[in-house]
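First the structure, in the form of structure tokens, and then the observations on it.
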Amino acid sequence: MKVNADTNELTFSSNKLVKNLFIDHKDQYLDLSDNYFDLVPNYPVTVKLQEGNLSDLKKGLIFNSVREASIEESLVTSFV
């Protein structure tokens, strides 16, 4: 995942299929341009945060997909 804080965009890519990726935040609602999509290998997807500042929110981002939903886990990403 690439984060562009200047344009409030997140770009996702994967070398494996990720089914029904959902982006959430541990503390607040995210208004994203797209928030329930598949990642197909080698086809990046870019989503834009419509309101707010991505720099302030990126530490609380949570990513869920069909896999995590089926085993009741979520992926929490921390940024350096």
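The values are calculated or read from the model by the stated rules, or taken from the named source; none is laboratory data. The shown structure was predicted, so the numbers you read here are calculated from the model rather than taken from an experiment. Ideal geometry is used to build each Cβ from the backbone, glycine not excepted, and the neighbour counts take in all protein chains shown. Heads up: the accessible areas ignore ligands, DNA and RNA and are worked out on the full protein's heavy atoms, side chains in. Shrake-Rupley method; radii C 1.70, N 1.55, O 1.52, S 1.80 Å.
When we screen GLU73, GLU68 for residues that are out of contact with any Phe, Trp or Tyr (no Cβ under 7 Å at 6 or more places or on another chain), open to solvent by 70 Å² or more (accessible area, probe 1.4 Å) and modelled with pLDDT under 85, the only hit is GLU73.
Here the strands (runs of 3 or more DSSP E) wholly within region 2-44 that include at least 3 residues being surrounded by 14 or more Cβ atoms within 10 Å (Cβ to Cβ) are 9-12, 18-25, 37-39.
Would you be able to say whether some residue in region 14-26 is over 20 Å from VAL66 (Cα atoms) and in contact (Cβ under 8 Å) with a residue 12 or more places away in the chain?
Checking region 14-26: not a single residue is over 20 Å from VAL66 (Cα atoms) and in contact (Cβ under 8 Å) with a residue 12 or more places away in the chain.
Among residues that are over 11 Å from the mean Cα position of the chain (by Cα) and either open to solvent by less than 80 Å² (accessible area, probe 1.4 Å) or modelled with pLDDT of 80 or more (or both), SER55 is included.
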